[in-house]
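Chemist: Provided herewith is a single structure, encoded as structure tokens, for subsequent inquiry.
The values are calculated or read from the model by the stated rules, or taken from the named source; none is laboratory data. Quantities reported herein were computed from a predicted structural model and do not represent experimental measurements. Every residue, glycine as well, gets a Cβ built from its backbone with ideal geometry; the counts of neighbours run over all protein chains shown. Areas reflect the complete protein model, heavy atoms only, side chains present, ligands, DNA and RNA absent. Shrake-Rupley method; radii C 1.70, N 1.55, O 1.52, S 1.80 Å.
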There are 2 protein chains.
Amino acid sequence: MRSLLVRLLSSTSSGPRSSISRLSHILSIRQVQAPMAASEESLRKALADMQAAVDSRGNAVRALKAAKASKPEIDAAIDALNHLKLEKLSIEKELQAAVSGGDGSAVTREAFRQAVVNTLERRLFYIPSFKIYRGVAGLYDYGPPGCAVKANVLSFWRQHFVLEENMLEVDCPCVTPEVVLKASGHVDKFTDLMVKDLKTGTCYRADHLLKDFCNEKLQKDLTISAEKASEFKLVLATLDDLSAEELGAKIKEYGIVSPDTKNPLSDPYPFNLMFQTSIGPSGTIPGFMRPETAQGIFVNFKDLYYYNGNRLPFAAAQIGQAFRNEISPRQGLLRVREFTLAEIEHFVDPEDKSHPKFGEVSHLEFLMFPREQQMSGQSATKTCLGEAVAKGTVNNETLGYFIGRVYLFLTRLGIDKGRLRFRQHLANEMAHYAADCWDAEIECSYGWIECVGIADRSAYDLHAHTEKSGVALVAAEKFAQPREVEKLVITPIKKEIGLAFKGSQKMVVEALEAMTEEEAMKMKSSLESKGEDEFLVCTLGKTVTIKDGMVKISKEKKKEHQRVFTPSVIEPSFGIGRIIYCLYEHSFYKRPSKDGDEQLNVFSFPPLVAPIKCTVFPLIQKPEYEAVAQHISKLLTAAGVSHIIDMSGNTIGKRYARTDELGVPFAITADSQTDVTIRERDSKDQVRITISEVASIVKDLTEEQKTWADIWSAYPHHTSTNGEDNEE
Amino acid sequence: MRSLLVRLLSSTSSGPRSSISRLSHILSIRQVQAPMAASEESLRKALADMQAAVDSRGNAVRALKAAKASKPEIDAAIDALNHLKLEKLSIEKELQAAVSGGDGSAVTREAFRQAVVNTLERRLFYIPSFKIYRGVAGLYDYGPPGCAVKANVLSFWRQHFVLEENMLEVDCPCVTPEVVLKASGHVDKFTDLMVKDLKTGTCYRADHLLKDFCNEKLQKDLTISAEKASEFKLVLATLDDLSAEELGAKIKEYGIVSPDTKNPLSDPYPFNLMFQTSIGPSGTIPGFMRPETAQGIFVNFKDLYYYNGNRLPFAAAQIGQAFRNEISPRQGLLRVREFTLAEIEHFVDPEDKSHPKFGEVSHLEFLMFPREQQMSGQSATKTCLGEAVAKGTVNNETLGYFIGRVYLFLTRLGIDKGRLRFRQHLANEMAHYAADCWDAEIECSYGWIECVGIADRSAYDLHAHTEKSGVALVAAEKFAQPREVEKLVITPIKKEIGLAFKGSQKMVVEALEAMTEEEAMKMKSSLESKGEDEFLVCTLGKTVTIKDGMVKISKEKKKEHQRVFTPSVIEPSFGIGRIIYCLYEHSFYKRPSKDGDEQLNVFSFPPLVAPIKCTVFPLIQKPEYEAVAQHISKLLTAAGVSHIIDMSGNTIGKRYARTDELGVPFAITADSQTDVTIRERDSKDQVRITISEVASIVKDLTEEQKTWADIWSAYPHHTSTNGEDNEE
């Protein structure tokens, strides 16, 4: 009905967290915001007009009746009224469709998600944690297939990033003393705004309540004016920019009350999202469960730099649990209280952010969404990465290189290219120190979800820890030959200044020492020509007269052997659970069973990700076939291919359906002593292969050394002859 | 000097934790306890006698001097005294050697550990966490090589246990609500006894102070009597059995004070070792960081059983972080506040603990240390696993199977078979519900360390969660055909009993219902013959008369379709950090450099474990060699072999030494355009191989498809011709 245009305006992740804007903070779920589309606006107006017409025609009918007009006259008026009502109903329907995303797609999305989630829960991809104790919101277990998918994703991450780039992987504890998170800013600023039900004490996220209210109004209340609708949309778009006071004012203005009890709410106040604990028995060392893994890398910078032979650039990496005590977790696996992060900190000379391997990814083309396009209401467009860096859209080559590598990583896992975009942070979203920041966003039934943040954080983190710890986290560039540099030397003569300015001596000395080169050279020439100079001392709030002899100003030549600097850090940070959830949605489809009486679920995981690579089953329950199946299982184990045997007496069709639902890519059916069939999950095609070859072929397929097409073209095709091996 | 006989008597891990005796609780470091060896005892006596002789001879000399005896007479007496003093010194030395473990081995052990730890810290195998903030006791980071070793160990664990046995792996959160750990017993019983310095408030583990005091006395104070020495040894042996009162009494008796300030100490009191936190914003849901991963599996039993097709046996597994807020962590990487556990819960029918694959491990022979041998003061002896199970030394086949699999796992990693033993828990070490329990203990410089606990925990955990949650965690054995069973039915007639016993009605009813079959049938016949029966009601403390009509007793035939029961669980639980630390010690050795002027460090990791599989370097800094090295690096990356290139201008010898210290098993030197040398770390042997073959050969070697002996016999040997490629 209308294009679901995505506009993000100045939304999300600014406000209290802007100065520590990192993936783990800002993994807030971006709303699919629709600007007030023309059709919606005109429909709202048309609806208001129609309501007025209905009202007036209703009054007319009542007037006719009161005047005891003739029956045909009254009937005609009622007919006209009914006709108007029908028209109004049709406009309402149209408007309803418009606000809910066109042709019922919101409903479709919801139904699709329910189908995915049902399958995931039923097959134990995940389990609400501590279910027998009625669970805890925001905590989930990975069950056997989910755990295998996660292990595969992490193993590929380690291969694709750590091994391929020779990164220095570290593994730091989750328990973190307060001082570290004080330095990083988390103790003071890692907060969400919360309101409390004034009677029951139940807590809610203030922005969630406001968001729900606006969405509810926009989607369900067709009577609001176009102006009011615009206002709600503006609130939604700027939600994350609102201060506690502004949020509180809006909540009051709209009369928002506690959703469960309808009680009044407190004013919003900040709640720190870290799980607090205490280290050691004395209770005197406060600690937190880390909200991200990055800090463990930063505090080790000095050792890691040394380990790398005191050379830049290098990258350190860490995979581990992070914790976030959400106020009221929602959206299932996307917003949880404990999650696995995989983070890379690539340290680089701020004066040289080129990357030697950028050429390997510069040809890639994918959806990019620079801030200009967002501001002007356009959509993401397919862009060549090399051009984006060349044009300066992406700040530098290293940032660009990681964007490219993240694209390759996600698509190799099976993320749909058409539903993956790289969105640049808007100016007000970024921390003040950040040079540039792009999020890999994946579209799923919840909208576009930030799954990877790729930020150039400049020298912020190393600076912060240097300052707090007193340990210099710096790098040095040794010069091949010492460089001669001219250095300004300002030497205030304290005795003279003390005599002249007494108690103000210190302020004057400091002000002199703080002069810029230009100021100092101007003073030097004044002192030389006039013997004195007028000089503004800001800390005194007045101008003083500096006389010759009070300060020596000169330029001296010095030899420098190295340049010491704080490295910049470029940080790709991966929310593993979110990537996996999106992967589930992108991999899920339904197809009819052979007799068409039911819809079967399939996860089309690539072999790399599939929790189990292969199923083995005897065609029927016969000892000789079972022995063959056992024999093949041993061969697969020896080849290191994860698999399961299904000896149940179910029909082949049922057994195929069961493994399709787990996303197992290949199934081997044992039906002779010499050769077997291998069936590919998505095409349902089957080939015949001798038993001696089967393990190595499945291994090649699962390690993606060979494709199914290779096998299909090289081996005899199998077609069912007796119905027994029909799959459905 | 004397055999370092190991006796464990009734030591360790009983007391407050006995009812939840699990690896994560009981990973206490077992002391190498020496019983009072004959030589030590006689030496202490000889020393006391000698001291008495010296004293008396000294008095004699003084008497002679006082009596102004002749000089030759006095000189002779002094000579005799000096002779006695020398003899005493020699006995002291002998005793010193005896108590410190023979010929200075304590010193040697300490020096060896220091050499290992220095290398580990210098090469960043581990780093004290948050070092720039002066660290936190008991928290360590794994640096790059340590992290790679850990990833390799975990990956092999997953291969060896989860994949090979088709276990159901799960991944549960660390944050755990209180109710779960209340049910498991941790909230009430997961404690250590603590004392406080009464002035400074510093906390100490009470048993540690007592242990240190006794050890100090035994090792440094040669004047204590043999009786006193025996007493201290008994205290050490029974340390973990002491109650808070007994510990406090000993501390008072020995006058033990605060080790740092010499201030008096408080009485011992229990301190819960879990890190506490609060879940959600309201502060009303108390939670803890899990002290073990096992509970996450137990609470999911129902879903996992269903996932396994409602069939037993099956095993679930989990790898993850666990937390333990140690009072005062010591012993480096062995006792830490956060650690990685890998745990298996194998659920089995308590009536059938056979294992179909036991035959695959029954032939294994290794050091076993059953409780009888410990009690009688013998050492561990090499035992055939199959015999140990057949004789009943090991309780059942499944427990035996896991002992065998653990042995294979540890030795494949590189743990020295001669320093690995399986020690059975003594009766008082085990929880009351446990059927049997064996620890895999590895000997290192700290003594014998529990690294894996393998326990048959019967139905304890599932029972506990069933009771607390109200959800039945049970399994059912479906009968092929319904079985007819005779069931005793006891129906007290409450009205009659109420009339007869009034206020005691409830107690009488309960006692009747609790009768055994034998008791009930006796009463039935009494009632039938005499019309009444005398019946002891324990809760009333007296005998009452039950009359005919007060209770109906009958045997009824029922058809049962299944047997419902709570499964037993057999739990192998691995302390990954401890295994890795022991592996470091077992793999470490020193060898002289070629010119003999320094000792070089080597870690002899098997390829499976080695953090990096291969180093590549050009023989000298020449563009054509460097190009070859780069080419080989690409081939290795494509083959998935983790490696590093060393392009530094260091000598080959230095470069070899650097990678030996990281335990890199193979080094490739590029010195021609067609072929290269591969050098094996431990033998330092080299062969020549063409560039096209090199990646696949290194891959085969590192995946242990081929041994170095295979390569050595198949390829031309390389001997240095020009000194340049001499390695040292």
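Chemist: Taking the range B:560-583, which residues are surrounded by 24 or more Cβ atoms within 10 Å (Cβ to Cβ) and within 23 Å of residue B:666 (Cβ to Cβ)?
Modeler: B:583
Chemist: Residue A:216: at pLDDT below 90, in contact with a strand residue (DSSP E or B) (Cβ under 8 Å, 6 or more places away or on another chain) and more than 8 Å from chain B (Cβ to nearest Cβ), yes or no?
Modeler: Considered against the rule, which asks whether it is at pLDDT below 90, in contact with a strand residue (DSSP E or B) (Cβ under 8 Å, 6 or more places away or on another chain) and more than 8 Å from chain B (Cβ to nearest Cβ), residue A:216 comes out as no.
Chemist: Under 8 Å between Cβ atoms, at least 6 apart or on separate chains: pull out the pairs that start in the range B:343-364 with a residue that is surrounded by fewer than 20 Cβ atoms within 10 Å (Cβ to Cβ) and end on any residue that is part of a helix (DSSP H, G or I) and of a type in the set (Ser, Thr, Tyr).
Modeler: Listed by first residue and then by second, the contacts come to B:354/B:398; B:357/B:401; B:358/B:398; B:358/B:401; B:364/B:407.
Chemist: Right, another one. Out of all the residues in the range B:200-212, which are open to solvent by 50 Å² or more (accessible area, probe 1.4 Å) and more than 14 Å from chain A (Cβ to nearest Cβ)?
Modeler: Within the range B:200-212, B:212 is the sole residue that qualifies.
Chemist: Residues that are within 30 Å of residue B:312 (Cβ to Cβ), of a type in the set (A, V, I, L, M) and at pLDDT 90 or above: does the range B:475-495 have at least one?
Modeler: yes
Chemist: Taking residue B:395 as meeting all but one of (1) in contact (Cβ under 8 Å) with a residue 60 or more places away in the chain; (2) open to solvent by less than 10 Å² (accessible area, probe 1.4 Å); (3) touching a strand residue (DSSP E or B) at 6+ places or on another chain (Cβ under 6 Å); (4) within 17 Å of residue B:362 (Cα to Cα), write down the number of the exception.
Modeler: (2)
Chemist: Mind telling me which of the residues B:279, B:251, B:256 ends up being under 30 Å from residue B:175 (Cα atoms) and at pLDDT 90 or above?
Modeler: Result: B:279 is the single residue among B:279, B:251, B:256 that is under 30 Å from residue B:175 (Cα atoms) and at pLDDT 90 or above.
Chemist: Please go through the range B:301-335 and pick out each residue that is closer than 30 Å to residue B:116 by Cβ, modelled with pLDDT of 95 or more and small (Gly, Ala, Ser).
Modeler: B:320, B:322, listed by residue number.
Chemist: Moving to a separate point now. Answer with yes or no whether residue B:210 is under 30 Å from residue B:265 (Cα atoms) and at pLDDT below 90.
Modeler: no
Chemist: When you check residue A:338 against the structure, is it under 22 Å from residue A:475 (Cβ atoms), at pLDDT 95 or above and either basic (Lys, Arg) or under 19 Å from the mean Cα position of the chain (by Cα) (or both), yes or no?
Modeler: Here the answer is no, as residue A:338 does not meet what is asked.
Chemist: Of all residues being of a type in the set (Val, Ile, Thr) and more than 10 Å from chain A (Cβ to nearest Cβ) in the range B:160-199, which is nearest to residue A:145 (Cα to Cα)? Just the residue, please.
Modeler: The qualifying residue nearest to residue A:145 (Cα to Cα) is B:187.
Chemist: Mind telling me which of the residues B:554, B:642 ends up being open to solvent by 10 Å² or more (accessible area, probe 1.4 Å) and within 30 Å of residue B:413 (Cβ to Cβ)?
Modeler: Selected residue: B:642, the only one of B:554, B:642 that is open to solvent by 10 Å² or more (accessible area, probe 1.4 Å) and within 30 Å of residue B:413 (Cβ to Cβ).
Chemist: So, one more: Checking residue B:383 against (1) at pLDDT 95 or above; (2) under 22 Å from residue B:313 (Cα atoms), which single condition isn't satisfied?
Modeler: So residue B:383 meets the others, but not (2).
Chemist: Name the residue that is nearest to residue B:429 (Cα to Cα), counting only residues in the range B:369-380 that are surrounded by 12 or more Cβ atoms within 10 Å (Cβ to Cβ) and of a type outside the set (Gly, Ala, Ser).
Modeler: B:371
Chemist: Taking the criterion of being out of contact with any Cys (no Cβ under 8 Å at 6 or more places or on another chain), under 30 Å from residue A:576 (Cα atoms) and within 14 Å of another protein chain (Cβ to nearest Cβ), would at least one residue in the range A:99-111 satisfy it?
Modeler: No, there is no match, as no residue in the range A:99-111 is out of contact with any Cys (no Cβ under 8 Å at 6 or more places or on another chain), under 30 Å from residue A:576 (Cα atoms) and within 14 Å of another protein chain (Cβ to nearest Cβ).
Chemist: Give me the pairs: first residue in the range A:401-427 and under 19 Å from residue A:374 (Cα atoms) and open to solvent by 10 Å² or more (accessible area, probe 1.4 Å), second residue polar (S, T, N, Q) and not in a helix (DSSP H, G or I), beta-carbon distance under 7 Å, and six or more apart or on different chains, which are they?
Modeler: none
Chemist: Looking for whichever is touching a residue at least 60 places away in the same chain (Cβ under 8 Å), closer than 30 Å to residue A:410 by Cβ and outside any strand (DSSP E or B) here; the options are A:570, A:580. Which one fits?
Modeler: Only one candidate qualifies: A:580.
Chemist: Checking residue A:229 against (1) more than 14 Å from every other protein chain (Cβ to nearest Cβ); (2) small (Gly, Ala, Ser); (3) surrounded by fewer than 16 Cβ atoms within 10 Å (Cβ to Cβ), which single condition isn't satisfied?
Modeler: (3)
Chemist: Go through B:281, B:259 for me and flag whichever is under 30 Å from residue A:328 (Cβ atoms) and assigned to a loop (DSSP other than H, G, I, E, B).
Modeler: Unique residue meeting the criteria: B:281.
Chemist: Within the group B:680, B:727, which residue is within 15 Å of residue B:615 (Cα to Cα) and at pLDDT 95 or above?
Modeler: B:680
Chemist: When the range B:298-327 is examined, which residues are found to be under 29 Å from the mean Cα position of the chain (by Cα), within 9 Å of chain A (Cβ to nearest Cβ) and open to solvent by 30 Å² or more (accessible area, probe 1.4 Å)?
Modeler: Hit for the range B:298-327 is B:321, nothing else.
Chemist: Within the range A:595-614, restricting attention to residues that are at pLDDT 90 or above and farther than 16 Å from residue A:684 by Cα, which residue is surrounded by the fewest Cβ atoms within 10 Å (Cβ to Cβ)?
Modeler: Among residues in the range A:595-614 that are at pLDDT 90 or above and farther than 16 Å from residue A:684 by Cα, the one surrounded by the fewest Cβ atoms within 10 Å (Cβ to Cβ) is A:608.
Chemist: If I filter the range A:267-287 down to residues being among the aromatic types (Phe, Trp, Tyr) and within 9 Å of chain B (Cβ to nearest Cβ), which single residue comes out as least open to solvent (accessible area, probe 1.4 Å)?
Modeler: So, considering only residues that are among the aromatic types (Phe, Trp, Tyr) and within 9 Å of chain B (Cβ to nearest Cβ), the one least open to solvent (accessible area, probe 1.4 Å) is A:275.
Chemist: Is it the case that residue A:124 is facing another protein chain (nearest Cβ under 8 Å), within 21 Å of residue A:600 (Cβ to Cβ) and open to solvent by less than 30 Å² (accessible area, probe 1.4 Å)?
Modeler: yes
Chemist: Which count do you get for residues in the range B:321-346 that are within 28 Å of residue B:299 (Cβ to Cβ), outside any loop (DSSP other than H, G, I, E, B) and hydrophobic (A, V, I, L, M, F, W, C)?
Modeler: Total meeting the criteria: 6.
Chemist: Filter the range B:328-341 down to residues that are of a type in the set (D, E, K, R) and crowded, with 20+ Cβ neighbours inside 10 Å and give me whichever is nearest to the other protein chains (Cβ to nearest Cβ).
Modeler: My answer is B:338.
Chemist: Still on this model: Could you say which residue among B:609, B:641, B:602, B:664 is in contact (Cβ under 8 Å) with a residue 24 or more places away in the chain and within 13 Å of chain A (Cβ to nearest Cβ)?
Modeler: Result of the check over B:609, B:641, B:602, B:664: B:641.
Chemist: Out of (1) open to solvent by less than 50 Å² (accessible area, probe 1.4 Å); (2) free of Cβ contacts under 8 Å to residues at least 40 places away in the same chain; (3) not polar (S, T, N, Q), what's the single condition that is false for residue A:617?
Modeler: Unmet for residue A:617, out of (1) open to solvent by less than 50 Å² (accessible area, probe 1.4 Å); (2) free of Cβ contacts under 8 Å to residues at least 40 places away in the same chain; (3) not polar (S, T, N, Q): (2).
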